[in-house]
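The values are calculated or read from the model by the stated rules, or taken from the named source; none is laboratory data. What you see is a predicted model; the values in this text were computed from it and never measured. So basically every Cβ, Gly included, is an ideal-geometry build from the backbone, and we count neighbours across all protein chains shown. We work out accessible area using only protein heavy atoms, side chains counted, and drop any ligands, DNA or RNA first. Shrake-Rupley method; radii C 1.70, N 1.55, O 1.52, S 1.80 Å.
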Amino acid sequence: MTTLAEEYGRPPLEVTIVAPPLATDPGRAAEQLAAYAEAGAARVILAPSGNEWQVGYEFAAKIKAQL
C-alpha cells in the first residue's frame, strides 16, 4: 500500500490493529509487535481480557520495556 500511495502522490495509510493473543513471554510478545510495526502498523491495541485487567496492563508495560 505504501508503494501505491507514493506512486499516486498520496500520504501513506496509518493502520491500527487490535492484536490477536500474544505470546506469554514479554520478549517474544515484543517481537510479535515489532513485526506489526515492520509491516506498517502505526498502532497496536492490546485489549485486556478477563476480570484481572490489571494483569493485562502490567504485561503491556513489560512488553513496552522490551521495545
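[x] 1.35; [y] 1.05; [z] 1.28: which one is Cα Rg over 2.2 N^0.38 Å as calculated from this entry?
[x]
For the chain, report the accessible area per residue in Å² (1.4 Å probe, heavy atoms, rounded to an integer).
Accessible surface, normalised per residue, equals 81 Å².
Okay, helix-only estimate at 222 nm for the chain: each DSSP H run of n ≥ 4 adds -39500 (n - 2.57), divide by all residues, round to 500 deg cm²/dmol; what do you get?
After summing the helix terms and dividing by residue count, I get -15000 deg cm²/dmol.
Kindly express, to the nearest 10 degrees and within the range 0 to 90, the angle between helix 53-66's C-alpha long axis and the longest C-alpha principal axis of the chain.
60 degrees
By per-residue mean of other Cβ atoms within 10 Å, what is the highest-first order of 41-49, 6-14, 29-37?
29-37, 41-49, 6-14
Express the relative contact order of the chain as a whole percentage, based on alpha carbon pairs under 8 Å and six or more residues apart in sequence.
Across the chain, relative contact order equals 33 percent.
Using a 1.4 angstrom probe on heavy atoms only, work out the carbon and sulfur share of the accessible area of the chain in %.
Exposed carbon and sulfur together represent 55 percent of the surface.
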